[in-house]
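Beneath this line is the structure, given in structure tokens, with notes to follow.
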Amino acid sequence: MDYQKFLSTRSKARNPSAIRALMPYMNNKEMLSLGAGQPNPETFPYASMSVTLKSGETITFDDDLFKRSLSYDLTSGLPHLNQWLRELQIKEHAPPCKEFDLTIGPGSQDLLTKALEMFAEPGTALLVEEPTYTGALSFLETQPIDLVPVGTDAKGIDPEALDKILTNWPESNPTGKKDQPRPQVLYTVPVGGNPTGVSSTLERKKRTYEVCQKHDILIIEDDPYYYLQFNSPRTPSYFSMDVDGRVLRMDSMSKILSSGIRIGWVSGPKVLIERMNMHTMVTNLQPAGVPQLMAYGLLAQWGHDGFFKHVEGVAKFYRERRDVFVECLDRHLKGLAEWVVPDSGMFVWLQLLGGITDSNELILQKAVKKFVLAVPGVAFMPLHNDTPCVRVSYSCIETDQMDEALRRLASVIREEAEANTAN
């Protein structure tokens with residue numbers, strides 16, 4: 001594929017950092033370096049590191065790797081972790097494009113914003129699901145582009161709606177701009193969607209990929225909830241069916257190891273990964289070394305089979321919480337809202353009934369006064385249009401508090417619906 005036509009002028013202008021370009025040689029013990037501008041690790045006070053797991057096991061990290069983790073390192077991440085993750089992608093996704101590249105970042109949010117910026121040519125448009133992840137929207141609002149919403153339903157993104165938008169462009173452009181180029185990139189959260197909790201079915205994914213082939217669209221597959229699928233086997237990824245090299249896949253450790261260690265990774269075409277690495281070279285330089293070593297030490301001890309066993313346990317944990325939460329929803333919100341029972345992730349997307357057209361004031365003012373928190377749906381709407389929807393999460397609230405929280409929310413919705421009826 002010709003990737004140059006997808007890249008923004010800003011991304012194309014980036015060149016490798018002269019110093020960062022030397023980093024691959026820095027750990028060669030035969031190299032006598034006069035070029036290092038990094039501090040001497042002999043001055044660092046840290047001598048060693050070990051961590052204790054909840055299982056009671058203790059991991060003591062290799063002294064040489066620990067010393068390495070305290071210093072500047074490769075832009076693409078600790079090579080040992082990078083290789084482990086590459087092997088994971090092959091085992092889990094078996095990508096048809098064998099020559100994919102991979103880089104590690106300080107959380108997938110960092111990588112996602114670099115990917116979006118890479119395609120954000122001023123005056124162009126980008127395809128996003130409606131609703132979609134508010135963290136992506138908040139960043140995209142800072143970019144000189146327009147957003148084109150694509151409809152979703154209980155089976156995920158609607159590929160026919162996507163095809164219709166692209167086929168009928170520019171008449172289908174929501175901005176009304178007749179001279180705006182047709183979008184070239186689709187951003188999607190295909191599993192346990194944030195905020196909907198909905199996952200795209202395999203049939204939808206295959207059809208969406210076909211539409212993207214037809215119109216030559218790149219896919220940013222933002223998939224932090226992939227390993228939180230409640231059904232087995234897991235629904236295959238876009239990355240697993242990408243015969244063209246048109247998928248840039250985001251993964252995250254936040255939902256399965258720790259959100260605080262800030263480790264994400266992106267897999268995809270070498271040209272695109274190179275552009276993202278050049279962005280990192282002139283911003284945060286590299287992902288932090290110590291968190292990478294913490295992750296690698298554990299993953300190396302587990303092996304890939306141990307990792308798969310762990311994520312099965314994580315998915316089971318959230319599935320059980322989902323089940324309790326849905327029971328509480330059925331008990332308190334039937335007749336007041338509609339929802340799709342999620343098959344992955346942490347969220348339920350409530351569509352409020354009773355003539356409610358905008359959930360913003362109801363949640364931010366009236367619900368707060370009842371001491372219950374949720375997120376109004378407008379935060380997830382690409383064009384900020386009013387919506388009667390609300391995102392609720394079962395990830396952290398204790399199971400014995402779910403019932404009371406939803407009882408309080410139900411009382412707020414009921415009062416609003418009754419007021420609408422009276423009017």
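In this structure, GLU327 and TYR3 have a Cβ-Cβ separation that, at R0 = 56 Å, corresponds to a calculated FRET efficiency of about 0.70. Using every pair of separate Cα atoms, the Kirkwood estimate puts the hydrodynamic radius of the stretch 234-273 at 11.5 angstrom. Accessible area of SER259 (1.4 Å probe, protein heavy atoms only, ligands and nucleic acids ignored): about 70 Å².
What FRET efficiency comes out for VAL314 versus THR52 if R0 is 22 angstrom and r is the Cβ-Cβ distance? Round to the nearest 0.05.
Working: r = 19 Å, r/R0 = 0.89.
Using R0 = 22 Å, I get an efficiency of 0.65.
Size check on the stretch 281-423: the Cα extents along the three principal axes, sorted descending, read 63, 40, 24 Å.
Each of the trypsin sites (Lys or Arg not before Pro) that DSSP puts in a loop and that has at most 12 other Cβ atoms within 10 Å breaks the chain; the longest unbroken stretch is 179-423.
First obtain the Kirkwood hydrodynamic radius of the stretch 6-48 from its Cα pairs, then insert it into the Stokes-Einstein equation at 4 °C and 1.567 mPa s, and state the resulting D in µm² per second as a whole number. Taking Rh from Cα pairs, D becomes 96 µm²/s.
Name the chymotrypsin sites (Phe, Trp or Tyr not before Pro) in the stretch 340-423 that are in a loop by DSSP and that have at most 15 other C-beta atoms within 10 Å, would you?
Numbers: sites: PHE347, TRP349, PHE371, PHE380, TYR394; in loops: PHE371, TYR394.
Taking the stretch 340-423 and a limit of 15 other Cβ atoms within 10 Å, the loop chymotrypsin sites (Phe, Trp or Tyr not before Pro) found are PHE371.
Entry note, the chain: relative contact order of 19 percent, from Cα contacts under 8 Å with a spacing of 6+ residues.
Multiplying the sequence separation of VAL341 and LYS177 by 0.36 nm and subtracting their Cα-Cα distance, what value in nm do you get? Provide the component values of the computation, followed by the final result.
Numbers: separation 164, 0.36 × 164 = 59.04 nm, distance 3.80 nm.
Stretched fully, the VAL341-LYS177 segment lengthens by 55.2 nm.
If you wrap the tightest convex hull around every Cα atom of the stretch 206-295 and split its volume per residue, you get 114 Å³.
Would you rank GLU130, GLU327 by solvent-accessible area, highest first, keeping every protein chain in place and using a 1.4 Å probe?
GLU327, GLU130
On a 25 Å Cα-Cα criterion, which of the cross-link pairs LYS177/LYS214; LYS334/LYS366; LYS255/LYS370; LYS214/LYS270; LYS91/LYS206; LYS316/LYS369 come out too long? Checking Cα-Cα distances, LYS255/LYS370; LYS316/LYS369 exceed 25 Å.
Here the calculated FRET efficiency for THR283 and ALA18, from their Cβ-Cβ distance with R0 = 22 Å, stands at 0.90, rounded to the nearest 0.05. Spin-label pair ASN385-GLN351: with each label point 7 Å from Cα along the Cα-Cβ axis, the two points sit 1.3 nm from one another. Rolling a 1.4 angstrom probe over the protein heavy atoms with all chains in place gives the stretch 186-262 an accessible area of 28 Å² per residue. In the elastic network of the chain, a GNM with C-alpha springs shorter than 10 Å, the most mobile of GLN180, GLN365, GLN292 is GLN365. Solvent-accessible area assigned to carbon and sulfur over the chain amounts to 51 percent, based on a 1.4 Å probe.
The values are calculated or read from the model by the stated rules, or taken from the named source; none is laboratory data. Everything numeric here is computed off the predicted structure, so don't read it as measured data. No Cβ is skipped: glycine too gets one built from the backbone with ideal geometry, and neighbour counts run over all protein chains shown. These accessible areas exclude ligands, DNA and RNA; they are computed on the full protein's heavy atoms, side chains included. Shrake-Rupley method; radii C 1.70, N 1.55, O 1.52, S 1.80 Å.
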